[in-house]
Amino acid sequence: MPRELRPCGTNAAYLRHIRKGEEVCKPCRAAHQAENRTKWRIAPPEVKARQQTHRANRYEATSRLIEAHEEEFRGLMDDIRAGGHPGGDVRNEAIRRLVAKYRPEFDKHLKTVREWADVFAEFMTKEQG
Ligand SMILES: [Zn+2]
């Protein structure tokens, strides 16, 4: 018997949107954010530290990707704005589309950023040790 699909406005539905490559609707985005906030509140410090590093790395990789495709990114923002974006955040949606289009390039940036973060961390450990 197939499982019944969870309706929009749940984290399960949010993950389903992502899996199918669909645009995430507003109730699902809100449900996902609430779930993340709860997880974050109860997460142990080492998990929080790792998450923060991960987020900073992704942010840096995203910035590099946008920089490399600045005009296209601006065009995406205009398109999304013109189309009326139900999910809300136009910039995030433009980033999502840009990353989806240039996935291998984004991954390459992320790899570079991570490697540098590791080199830097090692250097700091040596300096302090
Ligand atoms: Zn939904």
Item to complete: Might you let me know whether region 80-91 holds any residue that is loosely packed, with under 12 Cβ neighbours inside 10 Å, among the charged types (D, E, K, R), part of a helix (DSSP H, G or I) and out of contact with any His (no Cβ under 7 Å at 6 or more places or on another chain)?
Response: no
Worksheet, complete the sentence: Sole miss for Val47 among (1) over 21 Å from Asn11 (Cβ atoms); (2) without any contact (Cβ under 8 Å) to a residue 12 or more places away in the chain is condition (1)
Worksheet item: Of Lys26, Lys20, which residue is touching a residue at least 40 places away in the same chain (Cβ under 8 Å), among the charged types (D, E, K, R) and surrounded by fewer than 16 Cβ atoms within 10 Å (Cβ to Cβ)?
Response: Lys26
Worksheet item: Quick one: Ala100 ticks every box in (1) in contact (Cβ under 8 Å) with a residue 24 or more places away in the chain; (2) surrounded by 12 or more Cβ atoms within 10 Å (Cβ to Cβ) bar one, so which box is it?
Response: (2)
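Read-outs throughout are calculated quantities, based only on the coordinates presented, and are distinct from any laboratory measurement. Predicted model only: the values in this text are computed from it and were never measured. Backbone-built Cβ (ideal geometry, glycine too); neighbour counts: all protein chains shown.
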